[in-house]
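Have a look at the structure below before the remarks.
The values are calculated or read from the model by the stated rules, or taken from the named source; none is laboratory data. Worth saying up front: this structure is predicted, and the values here are computed from it rather than measured. We place every Cβ from the backbone using ideal geometry, glycine too, and count neighbours over all the protein chains shown.
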Amino acid sequence: MWHGQERAPLARLIRVAELGAAPFDGVHVYLPPANSRGYPRKVFLAPMARILLLTNTLGASAEVLPSLALLQHQVRILPIEASALVDAPEVDCMFIDSRRDLPAIKSLTKLLDTTGITCPIILIATEGALSAMTSDWGFDDVILDSAGPAEVEARIRIAVGRANESSETGKEIKTGEILIDENSYTAKIKGRTLDLTFKEFELLKYFAQHPGRVFTRAQLLQEIWGYDYFGGTRTVDVHIRRLRSKLGPEFEAVIGTVRNVGYRFSMNDAGSKAEELI
């Protein structure tokens, strides 16, 4: 079981295969209790999603979005802090408790938009907060905290489905002022196309897909050059030095040096001076 996972207390789950239907990984059948006349209620199928809920409310997800606690998804709860996402697990969808302190939520969503997070972001709001929200916040959807289970399930399914379709078609990766197009193998900064070699492009793309994570030179060598590469790890330093040069003085520091460890990508470091790894 995933650490921090919540489960609906009254739900009974059985595998699809046990009903003689085709088995699907991560798909369960939810059987609600029978009604007062003894007839079983409607049975429905729902794929389980990994959900990250950001909230400063103590307790279970039922305190924030009651219907979410009734669905069979894996829910992990973290505080509403950007630092909490550094070691956050990989998830399919992120919910943010936006019922109060809207200025702070706006700042957080705008920050997340620059970090390269690819999972859909859904804000949980009260009806009164809806008028203050605009598209430039950087979220994908918004849902009322009073929404029922069917609506919450539909929002999750649609958001995750759109994200999966985008990843399968090779969508653009946007992190701050950097735009990476996997289909055309091009990268731009503020609309300026970068003249990158294949390895430089792969390095930049890999960093942008894992913002905030620290990689050793050996890890980067393995991921970008592969297991069958027999050169030394210094080739990583050479390529990063060239990549920083092409990013320019304003953005060279987005690939930061972590002394005695390796490198880390962060758009928050734009405008700083990059430090060479010795």
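Exactly one residue out of 92, 101 is over 29 Å from residue 190 (Cβ atoms), of a type in the set (Asp, Glu) and touching a residue at least 24 places away in the same chain (Cβ under 8 Å): that is 92.
Say we look at the stretch 231-271 and pick out the residues that are in contact (Cβ under 8 Å) with a residue 40 or more places away in the chain, surrounded by fewer than 16 Cβ atoms within 10 Å (Cβ to Cβ) and of a type in the set (A, V, I, L, M); which of these is nearest to residue 195 (Cα to Cα)? Among residues in the stretch 231-271 that are in contact (Cβ under 8 Å) with a residue 40 or more places away in the chain, surrounded by fewer than 16 Cβ atoms within 10 Å (Cβ to Cβ) and of a type in the set (A, V, I, L, M), the one nearest to residue 195 (Cα to Cα) is 258. If you go through the stretch 47-72 and pick out every residue that is in contact (Cβ under 8 Å) with a residue 60 or more places away in the chain, over 24 Å from residue 129 (Cβ atoms) and not small (Gly, Ala, Ser), you end up with 2.
With a requirement of 2 or more residues that are over 27 Å from residue 73 (Cα atoms), the helices (runs of 4 or more DSSP H) lying completely within the stretch 131-231 that satisfy it span 198-209, 217-220.
Here's the yes/no breakdown for (1) outside the structural domain of residue 110 (by TED's automatic domain parsing); (2) of a type outside the set (Phe, Trp, Tyr); (3) modelled with pLDDT of 90 or more; (4) in contact with a His (Cβ under 6 Å, 6 or more places away or on another chain):
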| residue | (1), (2), (3), (4) |
| --- | --- |
| 207 | yes, no, yes, no |
| 234 | yes, yes, no, no |
| 238 | yes, yes, yes, no |
| 248 | yes, yes, yes, no |
| 252 | yes, yes, yes, no |
| 257 | yes, yes, yes, no |
| 262 | yes, yes, yes, no |
| 265 | yes, no, yes, no |
